[in-house]
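The values are calculated or read from the model by the stated rules, or taken from the named source; none is laboratory data. As the structure is a prediction and not an experimental result, all values here were calculated from the model. Here the Cβ is made from the backbone with ideal geometry for all residues, glycine too, and neighbour counts use every protein chain on show. Surface accessibility is based on the protein's heavy atoms, side chains included, excluding ligands, DNA and RNA. Shrake-Rupley method; radii C 1.70, N 1.55, O 1.52, S 1.80 Å.
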Amino acid sequence: MIDVNELRKGVTFTMDGELYKVIDYQHHKPGRGKAIIRTKLRNLRSGGTVDKNFTSGDRVQDIRLDHQTVQYLYNDGEFYHFMDVETYEQFPLPDAVLEEAKPYLVENTEIGLSGFEGEPLDIDLPITVDLRVVEAPPGFAGDTATGATKDVTLETGLKLQVPLFIQEGDVLRIDTRDGRYVTRA
């Protein structure tokens, strides 16, 4: 059991028989009374999110996840299919579980997989991924005084703001934590 004051983004625990991962965490201390810990949790089995408030002193059951390296193979529309790089075992993960990671998944990419008691639950993306630009309008600097940007579309369908010199076909390094452009690869 861990105290809810120890919850941080990325921590996994069980509550009411379900597995949850903390997506967002805020510690709020009103003028008097106990502190309130506001969390946004993702159910690792169903993929649904829920907002849950805890009071200081509450406890939850933490769990230890198993980690392995897997390779992303393909998406069939309903499931994303992965292969364990050591045993070559293939398994699907539902679309809802990978909601935040979908814009960064490219076929044949090796990523980390978290599981609990043999059940695959969540993927751990690398900090940056390299994605190809498939659509980029021409950039016109014009009368800009500061760094101008334009919208581009990447091979996974992700749209983001990049500097004007980026062209179609360029490979960009993207930060998976916040979806920002980092540099050309």
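In the stretch 42-54, which residue that is open to solvent by 40 Å² or more (accessible area, probe 1.4 Å) and in contact (Cβ under 8 Å) with a residue 40 or more places away in the chain is nearest to G118 (Cα to Cα)?
Our first condition is that a residue be open to solvent by 40 Å² or more (accessible area, probe 1.4 Å); within the stretch 42-54, this holds for 45-46, 49-53.
Filter again for in contact (Cβ under 8 Å) with a residue 40 or more places away in the chain, leaving 45-46.
Values: R45: 13, S46: 16 Å.
Looking at the filtered set, the residue picked out is R45.
Could you tell me how many of the residues in the stretch 13-39 are surrounded by 12 or more Cβ atoms within 10 Å (Cβ to Cβ) and assigned to a strand (DSSP E or B)? Residues flagged as surrounded by 12 or more Cβ atoms within 10 Å (Cβ to Cβ) and assigned to a strand (DSSP E or B) within the stretch 13-39 amount to 16.
Kindly indicate which of G157, G115, G139 is at pLDDT below 90, open to solvent by less than 60 Å² (accessible area, probe 1.4 Å) and in contact with an Asp or Glu (Cβ under 8 Å, 6 or more places away or on another chain). Please lay out each step first, then the result.
Values: G157 fails: in contact with an Asp or Glu (Cβ under 8 Å, 6 or more places away or on another chain); G139 fails: in contact with an Asp or Glu (Cβ under 8 Å, 6 or more places away or on another chain).
Answer to the check: G115.
Within the stretch 164-184, if we keep just the residues that are in contact (Cβ under 8 Å) with a residue 24 or more places away in the chain and more than 21 Å from Y72 (Cα to Cα), the residue that is surrounded by the fewest Cβ atoms within 10 Å (Cβ to Cβ) turns out to be G169.
Here Y88 meets each of (1) open to solvent by 40 Å² or more (accessible area, probe 1.4 Å); (2) modelled with pLDDT under 90; (3) part of a loop (DSSP other than H, G, I, E, B) with one exception, condition (2).
Taking the criterion of being within 11 Å of N108 (Cβ to Cβ) and either out of contact with any Leu (no Cβ under 6 Å at 6 or more places or on another chain) or not in a strand (DSSP E or B) (or both), the residues of the stretch 68-81 that qualify are Q71, L73, Y74. Evaluate the stretch 75-83: report whether one residue or more is open to solvent by 60 Å² or more (accessible area, probe 1.4 Å), of a type in the set (A, V, I, L, M, F, W, C) and under 24 Å from R177 (Cα atoms). Among the residues of the stretch 75-83, at least one is open to solvent by 60 Å² or more (accessible area, probe 1.4 Å), of a type in the set (A, V, I, L, M, F, W, C) and under 24 Å from R177 (Cα atoms), which makes the answer yes.
Picking from P120, P94, which residue would you name as being closer than 22 Å to K9 by Cβ, at pLDDT below 85 and open to solvent by 40 Å² or more (accessible area, probe 1.4 Å)? I'd like the intermediate steps shown before the answer.
Numbers: P94 fails: closer than 22 Å to K9 by Cβ.
Of P120, P94, the one residue that is closer than 22 Å to K9 by Cβ, at pLDDT below 85 and open to solvent by 40 Å² or more (accessible area, probe 1.4 Å) is P120.
Being at pLDDT below 85, at positive phi and more than 20 Å from the chain's Cα centre (by Cα) holds for only one residue in G33, G17, and it is G33. Here E107 meets each of (1) open to solvent by 90 Å² or more (accessible area, probe 1.4 Å); (2) on the phi > 0 side of the Ramachandran plot with one exception, condition (2).
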